[in-house]
1. Subtracting the Cα-Cα distance from 0.36 nm times the residue separation, let me have the gained length for V53 to I34 in nm, one decimal.
2. About its Cα centre, what dipole magnitude does the stretch 1-71 give when the only charges are +1 on Lys and Arg Cβ and -1 on Asp and Glu Cβ, stated in debye to the nearest 20?
3. Using only the alpha-carbon atoms, how far is helix 2-78 inclined from the longest principal axis of the chain? Give it as 0 to 90 degrees, nearest 10.
4. Per-residue ellipticity at 222 nm for the chain, helices alone: DSSP H runs ≥ 4 residues times -39500 (n - 2.57), over residue total, nearest 500 deg cm²/dmol?
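None of the figures in this text is laboratory data; all of them are computed from the coordinates on show. What you are looking at is a predicted structure, and each value in this text was computed from that prediction instead of being measured. Virtual Cβ from ideal backbone geometry, glycine too; neighbours counted across all protein chains shown.
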Amino acid sequence: MKVNEEIQEVSAVTEQMSASSEEVLASMEQVTSIVNESVEQTKTVASSTDQHVSTVDNLEETIQILQKSAEQLNKAIGQFKL
């Protein structure tokens, strides 16, 4: 009889461990899902940042062109002073 009781105890502990393992697995799957979402959002932010950097670079080039044009216009206007 004592052996049967021990078998039942071991069986109960095994079931508890199995349930705990399933809970841990479910939690890990949630963590994995959150991490995957975070990765996708990070990629989106990185892409947006790259676009912003490209836009700023283009603006910088445009500003330099406009500055040169303004200098040339000032020189041209200076020639027509009375």
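1. Working it through step by step, the gained length comes to 4.0 nm.
2. That gives a dipole near 220 debye.
3. Helix 2-78 sits at roughly 0 degrees to that axis.
4. -36000 deg cm²/dmol
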